[in-house]
Structures are given as C-alpha cells and as structure tokens.
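All remarks here apply to the structure that follows.
The values are calculated or read from the model by the stated rules, or taken from the named source; none is laboratory data. Since the structure is predicted, the reported quantities are computational estimates derived from the model, not experimental observations. In this analysis, Cβ positions are derived from the backbone assuming ideal geometry, glycine residues included, and neighbour counts consider all displayed protein chains.
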C-alpha cells in the first residue's frame, strides 16, 4: 500500500509562532507552498501579485526569526503583504481579498494584530517603524520594529527623512530594503554555506565588512549585477554608503530568495544589533510564477486570471477607459502644441502617460514616488513657459498639497492637474478613494476645478486645460470605463465657469458635478414616470461656479439638490455658500447636498460602494421624494 502524501507544511501553520518548530529545510518547503497559495488566491480575486511573489522567502524568514505580533512588522505600501496575511491566521479568508466584507488588499490595523500599521501609499514604513521602536523604548508596546520597503519607495523624500531621524536617535530598528530592480541570482551550495557561517559567527559590527567581501565570491557575470546594486547606494563620503552616512549599519546585498542567506543574517542582527540596521535584499518581482516573471510589470497588478496560462479574465465592453481617453486626448493636444509636457509620480501605466511617453519621450517625466517634487517640478516647468500636465491619482495628490498651495496657487502658475481615480475606486478601498480633491482644491484662490461627466467631456476638459494660461486648473475623472457616449474628433475648450442643462423639468432641479450624472439621469427618468420630472443640470465647474445657471435653477424650482462624488466641503458646500450670500434661503428654497458620507468606505465593487455612500440612482430618487414629499408627487403613504 502506497504511503499517504505528507500533510502540506502550510496546513500546519496557523500563526507565525508555528514556524519556530520548523527546520530550515521545512521553511524552504513552506516557501514553495506559500508561493503556490498566493498565486492561487490572487487568481480568484485579482490584486497585486508580483510584489508578493517577490517576498515569499523574505516573509517566511522574517516570521521564522522575529516574534510577531510582539515584534512589529511594517510592510511599506502593502502590495507585498499577501503572503504575510496567509501566515498570520488569515489563510481561510485569503480568497476574499479586495472584496466586499473580505480582506483588505493592504495591511490594516483593524483587520489583524499582525498588522501593526496600515498602508496603501508608499514610503511610510520607516517613519512608522521608528515611531514604534521609540514607543517601545519609552515603555509602550515592547518588541522590535522592522520596516520592509521596496527600492522604488526609497525615491520618496519621506523615507530619507525617517532614516535621517533614526540615525540621529540611534534607536534599534531594522529596515529591509527589498531591491527588486537587479536581476542578480547568486548560486547556492558552497557559497550559501560559507555565508551562513560568515554571518552567524561574525559580530554585528563586522557584518558590513563581511558583506563587502561577498561580491568577490560571485562568478564574474553576477559580480557586475552586485556592483550595480551597490552603486545605487553610494553616498558622497568615500568608502561608505548613503545609508551608513545616515547612521545605519548596512548589510548586503544578499539574495532575498535564498533562505540559507536570509535566516542566518536575520538571526544574527536580531541577536546583536544595537542601533538602526539596514539589510539590502535582492529579489525578483513575480518570482516563481512564469507569467508574472515574463510580464513587463512583473505581474504588479492583475485581474482574475487562469493559473496555468496567466491569462486575465476581462469583461467585454465597447466603452473606452477614462485613463486612455485622457492619454489619447493629451497626445492629440501635444501634437498641435510643442509646449505640452506631462509629469507623473511613478505611475506611467496607471495614468496613461506610458502612451504619451512612447509618443513624446522627451516631453514626459516620471519623477518617481515623489508627489511633492512632481507638483513643484511642474510649477517650474510652467514658470519656464511650458504647459505641464501634472497627472496624479486623487489620493496621491494629497501628498503634494502644500506644494499645490505654496508653489502653484500663490504664484498663479498655469499647472494643469489631471486627477485620475476620482471618487470611489472599488477593490483598493479607502486608501485609494478620491474623496477630497474637490474640497482641498476649490478653496484655493484662482484655482479652476472641473469634473468630467463622461468620456467626451473629459476630452473637452483636456483641451480646456491646454488653452488656460491664466492660472492653475484641475480636472478630475474616475477609474474604469466611460459611459459609451459618442466621442468628438477632438476636444473643444469649454467656457470657464459654465455648466449645461441636460434635461428640462419643473419643481425640483438636480445639479450634478462629475460622473454621477448618469445615475442622476436614471433617477430623473424614474421620477418622471411617477409624475415628477426634475430638471437636470451638469455643473462641470466647482470653481468658478456658474452663478447664472444656479440662479436660474433657484428662480424656477422649489428645490435644488446637488450631487457629487466627493466629501463635504466641496462642490455642494460652495453652492450653499453662494446661495446663502444671495439670500435665497430666506425665500424658502429647499436645498440638499448629496456627498460622500463622513466615513471611510471599505473595499467592494464601485457600484456597491456607491450604494453604501447613498449615491446611486435609487437613492437619488429617494432623496428627491424626501425633499418634495410623497404627497407632492402624488404618492400614497
């Protein structure tokens, strides 16, 4: 009788503490199973695949050596946290990733004690880990603090601000620099055994010197890769890296896929480190899954896919995607105007500027994960006579707000802000929801703020921004597909501060700002069938407001309802301020403003999120009924 197959090691792991009982060989087998489980889970849910695959061995090693949740493991951004979630008691829910009521696609404090700090934006991990480490020193929660940060996230100034502070404080903490740009793959066997002995036997103060000798042990093709990795880190001081000059003990580079290297290094630094320590780990994004390894983005973000082929499962639609509409419109404008340039902060594909860059490589600038710099760099371009489009997700533009105020608005520089991912974005949840840009931009003197109601309107707004040279201008548009409307051959500049009436009605007017217009029109159709036909208008501009349009709507209707995909303090608040100054409330106008609720909405489909927000067609219809009264509409109780 054949032997039964051994129980998978992953089935024996309920919490990270279970890794302590495993041998190093079993940990290596566990990593293989963890990689397969990650691929399987993401194939069902979609999500950030490549980053997680690149840190499987690192995740196993960290949990095998450190003692979470007593030791605080802080994952930067959170793209790479799926294997961590599987090992920390959430394997049974891993196929609910990024779905309504399921696991977040990022680390989240309210989800698990193994997530000591939430993330969705990059470059925060070192600051957070330092805070946790200092809190432990001051009598707070005990334990070590470990930040895992990718090399891309190190391009943000915040990461270096945190390292500078950590070096000054000399607090014991660990930074794992996950460098997945280099293709180095050191051989295993004798070299790994040598490194194990070297790191395990050396005092921590000698580890840096040992790591420097590591390069000479590699075969010549790999030596060049390792030298490039080291060159990336060189500082101004002769004989030292930038990190050493900031006060960190630097160890590396080491192979992040070789547990025979990772485990002894981590065990040694945990036992002997006294101050801030940086371990430079080389990994390969998408490691171990060929469709991800061979993809241009190494499997960064994926929809649901077939595990065998890697082919993504996409719904068929004839409507264009807003991001592509923007990119193609900008290319069209740039072909006619050589002063049009584009700036992105490490999101060329996400913003569509990869298309622009392919057409105009000398006029497209990716500044890395540095939104503050992107805004001020754009301001400098504008001051130099160019027409910069600073193209950033709404939720990331928050990081450059001081620069928007100080470097753009005060100087009235004509920077064009193309704001992608406006409104509720779905599976990425609260960290990526574009809820606040209207409120924080429309209060700035001289700022023009637009929102596209559909993809054709977006094309017109790109043309409007190109033509606007008297100060800053912003236009926002959502993630995903447009409405399928007829597209113009080319965008036509809109009159600044002018809206449009979409449907004539009586008694009640609905003034929409942005892509909720489609839901407003659905609600109006339903209400008309019930005997109340609202007037529907598209504001187009939150600043400057179309005062004439608003006065017209107030003069001829008993009630006015504003609808927007943003937080309180935005479009509706500006309308209310104008109406108050006009004294129209004294005449008994019924006014309501439908905005996103005063809460962060967890991940779900966009449709489900807007239901939670109370802003779909049925809820807009219900708001009209509430304002006008059931009897006024001819309804019975």
Segment 545-567: number of residues that are surrounded by 15 or more Cβ atoms within 10 Å (Cβ to Cβ) and in contact with a strand residue (DSSP E or B) (Cβ under 9 Å, 6 or more places away or on another chain): 16
Output for segment 422-446, where each listed residue is in a helix (DSSP H, G or I) and touching a strand residue (DSSP E or B) at 6+ places or on another chain (Cβ under 8 Å): 432, 437, 438, 441, 442
Answer residue from segment 117-128, given it is outside any helix (DSSP H, G or I) and surrounded by 21 or more Cβ atoms within 10 Å (Cβ to Cβ) and is nearest to the chain's Cα centre (by Cα) among those: 121
Lone qualifier among 584, 520 - being farther than 23 Å from residue 477 by Cα and either free of Cβ contacts under 8 Å to residues at least 12 places away in the same chain or crowded, with 17+ Cβ neighbours inside 10 Å (or both): 584
Any hit, segment 45-66, residues being modelled with pLDDT of 95 or more, outside any helix (DSSP H, G or I), over 12 Å from residue 82 (Cβ atoms) and in contact with a helix residue (DSSP H, G or I) (Cβ under 8 Å, 6 or more places away or on another chain): yes
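Conditions tested, residue by residue: (1) under 18 Å from residue 574 (Cβ atoms); (2) modelled with pLDDT under 95.
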site: 403; (1), (2): no, no
site: 416; (1), (2): no, no
site: 426; (1), (2): no, yes
site: 438; (1), (2): yes, no
site: 446; (1), (2): yes, no
site: 451; (1), (2): yes, no
Odd one out for residue 592, checked against (1) touching a strand residue (DSSP E or B) at 6+ places or on another chain (Cβ under 8 Å); (2) under 17 Å from residue 506 (Cβ atoms); (3) not in a helix (DSSP H, G or I): (2)
Selection within segment 505-520 - in contact with a strand residue (DSSP E or B) (Cβ under 6 Å, 6 or more places away or on another chain) and more than 12 Å from residue 564 (Cα to Cα): 505, 507, 508, 509
Pick from segment 54-102, criterion over 22 Å from residue 177 (Cβ atoms) and in contact with a strand residue (DSSP E or B) (Cβ under 7 Å, 6 or more places away or on another chain), ranking: surrounded by the most Cβ atoms within 10 Å (Cβ to Cβ): 97
Residue 409, sole failed condition from (1) surrounded by 24 or more Cβ atoms within 10 Å (Cβ to Cβ); (2) within 23 Å of residue 446 (Cα to Cα): (1)
Filter result for residue 406 (without any contact (Cβ under 8 Å) to a residue 60 or more places away in the chain and either part of a loop (DSSP other than H, G, I, E, B) or at negative phi (or both)): yes
Segments classed as helices (runs of 4 or more DSSP H), wholly inside segment 317-395, with at least 3 members that are crowded, with 22+ Cβ neighbours inside 10 Å: 322-336, 371-383
Matching option when the condition is more than 17 Å from the chain's Cα centre (by Cα) and part of a strand (DSSP E or B), among 147, 135: 147
Among the candidates 580, 518, 542, 509, residue that is part of a strand (DSSP E or B), farther than 15 Å from residue 624 by Cα and assigned by TED's automatic domain parsing to the domain that holds residue 626: 542
Residue in segment 594-612 that is within 24 Å of residue 547 (Cβ to Cβ), surrounded by 15 or more Cβ atoms within 10 Å (Cβ to Cβ) and modelled with pLDDT of 95 or more present: yes
